[in-house]
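The values are calculated or read from the model by the stated rules, or taken from the named source; none is laboratory data. Not measured: the values here are computed from a predicted model. Cβ: placed from backbone, ideal geometry, glycine included. Neighbour counts: every protein chain shown. Protein only, heavy atoms only, side chains kept; ligands, DNA and RNA dropped before computing areas. Shrake-Rupley method; radii C 1.70, N 1.55, O 1.52, S 1.80 Å.
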2 protein chains.
Amino acid sequence: MAKPIIAVLGTGLMGAPMAQNLLRAGYRLRVWNRTIAKAEALAGMGVTVCTSAQSAVKGADYVISMLSDGSVSAGIIADRDVTEALGENATWIEMSSVKPKEARAQRDYLETYGVHHLDAPVSGGTKGAQAGKLAIMVGGDADVFEKAKPVFEPMGRAVHVGPSGSGQLAKLANQGIVAVTIGAVAEAMLLLEQGGADPAAVRDALKGGFADSIILQQHGTRMTTRNFEPGGPSRLQLKDLDNLLEESTTLGLSLPVSQHIRDRFARFCADLNGAEKDHSGLYLELRDHNEMKDD
Amino acid sequence: MAKPIIAVLGTGLMGAPMAQNLLRAGYRLRVWNRTIAKAEALAGMGVTVCTSAQSAVKGADYVISMLSDGSVSAGIIADRDVTEALGENATWIEMSSVKPKEARAQRDYLETYGVHHLDAPVSGGTKGAQAGKLAIMVGGDADVFEKAKPVFEPMGRAVHVGPSGSGQLAKLANQGIVAVTIGAVAEAMLLLEQGGADPAAVRDALKGGFADSIILQQHGTRMTTRNFEPGGPSRLQLKDLDNLLEESTTLGLSLPVSQHIRDRFARFCADLNGAEKDHSGLYLELRDHNEMKDD
């Protein structure tokens, strides 16, 4: 039996290596990108490059959407030419980071066309995408997920985390933990520096223990070596935290640590020229809070 | 050449398994414990049980102090009978968690008697102590550390992190990161629960990623299964955070996330009956903050 046909919408820094991994696994690919040059780079590999989202999704069993944000994705889904080109029983896999309510709205709308939907945002960055080792958090119906499992396989490790929107909720939870841990590590690094200990030796000593994390090792190193080239720019970390707090407010929840860290990322971006600096740059905000000069 | 003689002061939940691991490695041990019954349990293994700290340290090459806190340790060091029983060139290894300034005061005092000093607090709990897999953060002179390295070997992985007091500073940094990460994980777990996602599946999905940590996996599980039997009681977490903030204030630093989490642990202990609950119980404080009932 021939492998399913997959349409990939969005072949940027993440979408392109994901498409290549699907191709290597034997899937037939139809790709579209708004800036078509980025899609054409894949043509030589045996991918069908399409000039519109409509033509890409026509006849596809799965559509993988990996676009810049929820509004772009919503615009494409709302385009009736696209929606009507989708085959009944096709599955739309929304892998962009969109809001949970946007994911649920997509699901509701596509349901009226008989199209299945999963929200499946990822963590792991461009390195994870290239290595096929993304963490993929999937929300939606369990049986739709089971059927789609082989499609996720070449891209990374997919885990079904709940009903529609849950993948996006998990991504927000992920981003919140990352941001707050950065805040914790910044205070630890500054304390060690001011107290005359060797932060690199301490990071080594703490390896494998309760305080250890990729954030301690990688972002901690960025802080004490003053390397704030992104990586993950602080303006995106701020956007994630705003989305997290919007969602928690909708759920009637107050999340005080996340709010505190959000406010400090906002100050870093707005007042301290931090928007394009790596999110580990919250260390610089902490120094400024302590009226310490750059060194 | 005969292996060095080691005196172990304090054979409680941590000290006893550490002593056993030293014994298995061939060291000759002299142990003392205030409640002598705890020390006598080791007698059958070939350990010399002493009835006073003074008699334990007499003739020892190394003294390992693993007592309940800095004031107990300080009291023993200040006892001239003990100090004068220490041989010149002996090394006092303070493995209790004491304040950095207490560690430096110990070092200064013992120096006048020609006794070396390292501060070497540990992380890893009773499990780590039993397995000989403690993380040991060592402050003090590099050459004293180099000479003492084989003594640490049976107890865990020792890393020299800076001059006297640095081991204790590293331990405080460790405890601060742990406490703040608990605050981050509590908010993530509550968000996932209220948003209808499956927290256990999300913890699985995030394994190995930027948000992952032992805290996410172990303490996150405690939170969503409502298991707050200690483990690490919240009153000790609060004590650690108070010591952290006392030290940072001495250094002229404001650490706003640590302060925020400290205040919430104080509220949990004082107002919400949380003192003897595991430190993952900060999740309950967050629920109370959100006016949610126990479930």
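Quick rundown of the values:
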item	result
Residue match in the stretch B:209-223 (condition: closer than 27 Å to B:GLY70 by Cβ, surrounded by 24 or more Cβ atoms within 10 Å (Cβ to Cβ) and within 12 Å of chain A (Cβ to nearest Cβ))	yes
Flag for B:GLN237 being surrounded by fewer than 23 Cβ atoms within 10 Å (Cβ to Cβ), in contact (Cβ under 8 Å) with a residue 12 or more places away in the chain and either under 19 Å from A:GLY183 (Cα atoms) or more than 23 Å from the chain's Cα centre (by Cα) (or both)	no
The stretch B:243-256, residues that are touching a residue at least 12 places away in the same chain (Cβ under 8 Å) and open to solvent by less than 60 Å² (accessible area, probe 1.4 Å)	B:ASN243, B:LEU244, B:LEU245, B:GLU247, B:LEU255
Residues within the stretch A:15-32 that are assigned to a helix (DSSP H, G or I) and open to solvent by 40 Å² or more (accessible area, probe 1.4 Å), tallied	2
Search result, residues across the stretch B:269-288 that are open to solvent by less than 10 Å² (accessible area, probe 1.4 Å) and within 13 Å of chain A (Cβ to nearest Cβ)	B:ASP278, B:SER280, B:LEU282, B:TYR283, B:GLU285, B:LEU286
Whichever residue in the stretch A:110-151 is on the phi > 0 side of the Ramachandran plot and in contact (Cβ under 8 Å) with a residue 40 or more places away in the chain and, among such residues, is most open to solvent (accessible area, probe 1.4 Å)	A:GLY125
Test: residue in the stretch B:231-251 that is hydroxyl-bearing (Ser, Thr, Tyr), within 14 Å of chain A (Cβ to nearest Cβ) and not in a helix (DSSP H, G or I)	no
The lone exception for B:PHE265 - which of (1) more than 8 Å from every other protein chain (Cβ to nearest Cβ); (2) exposed (fewer than 15 other Cβ atoms within 10 Å of the Cβ) it fails	(2)
Residue selected from the stretch A:106-141 under the condition of a type in the set (A, V, I, L, M) and touching a His at 6+ places or on another chain (Cβ under 6 Å), by the criterion farthest from A:GLY232 (Cα to Cα)	A:LEU110
Condition check for B:ASP212: closer than 21 Å to A:ILE261 by Cβ, among the charged types (D, E, K, R) and part of a loop (DSSP other than H, G, I, E, B)	yes
Qualifying position, being modelled with pLDDT under 95 and touching a helix residue (DSSP H, G or I) at 6+ places or on another chain (Cβ under 9 Å), among A:GLY196, A:GLY209	A:GLY209
Selected residue (criterion: nearest to A:THR126 (Cα to Cα)) from residues of the stretch A:75-102 that are open to solvent by 30 Å² or more (accessible area, probe 1.4 Å) and in contact with a helix residue (DSSP H, G or I) (Cβ under 6 Å, 6 or more places away or on another chain)	A:SER97
Given (1) part of a strand (DSSP E or B); (2) farther than 19 Å from A:ALA16 by Cα, index of the condition A:VAL144 fails	(1)
Which listed residue, of A:LYS171, A:LYS149, is under 20 Å from A:LEU255 (Cβ atoms) and either in a strand (DSSP E or B) or charged (D, E, K, R) (or both)	A:LYS171
Test: residue in the stretch A:42-49 that is assigned to a helix (DSSP H, G or I) and touching a strand residue (DSSP E or B) at 6+ places or on another chain (Cβ under 9 Å)	yes
Qualifying residue in the stretch A:188-195 (condition: under 21 Å from the mean Cα position of the chain (by Cα), under 29 Å from A:LYS293 (Cα atoms) and either within 14 Å of chain B (Cβ to nearest Cβ) or in a loop (DSSP other than H, G, I, E, B) (or both))	no
Failed condition for B:PRO154, given (1) surrounded by fewer than 24 Cβ atoms within 10 Å (Cβ to Cβ); (2) at the interface with chain A (Cβ under 8 Å from one of its Cβ atoms)	(2)
Index of the failed condition, B:ASP294 passing every other in (1) away from chain A (no Cβ under 11 Å); (2) open to solvent by less than 60 Å² (accessible area, probe 1.4 Å)	(2)
Qualifying positions in the stretch B:196-234 - touching a residue at least 24 places away in the same chain (Cβ under 8 Å), among the hydroxyl-bearing types (Ser, Thr, Tyr) and closer than 15 Å to B:LEU284 by Cβ	B:THR224, B:SER234
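For (1) of a type in the set (Gly, Ala, Ser); (2) open to solvent by less than 40 Å² (accessible area, probe 1.4 Å), each residue gets a yes or a no:
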position: A:GLY10; (1), (2): yes, yes
position: A:LEU13; (1), (2): no, no
position: A:GLN54; (1), (2): no, no
position: A:SER68; (1), (2): yes, no
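Let's see how each residue does on (1) more than 26 Å from A:GLN175 (Cα to Cα); (2) in the same structural domain as A:LYS149 (by TED's automatic domain parsing); (3) of a type outside the set (Asp, Glu); (4) touching a strand residue (DSSP E or B) at 6+ places or on another chain (Cβ under 7 Å):
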position: A:VAL63; (1), (2), (3), (4): no, yes, yes, yes
position: A:ALA78; (1), (2), (3), (4): yes, yes, yes, no
position: A:ALA90; (1), (2), (3), (4): yes, yes, yes, yes
position: A:VAL115; (1), (2), (3), (4): yes, yes, yes, yes
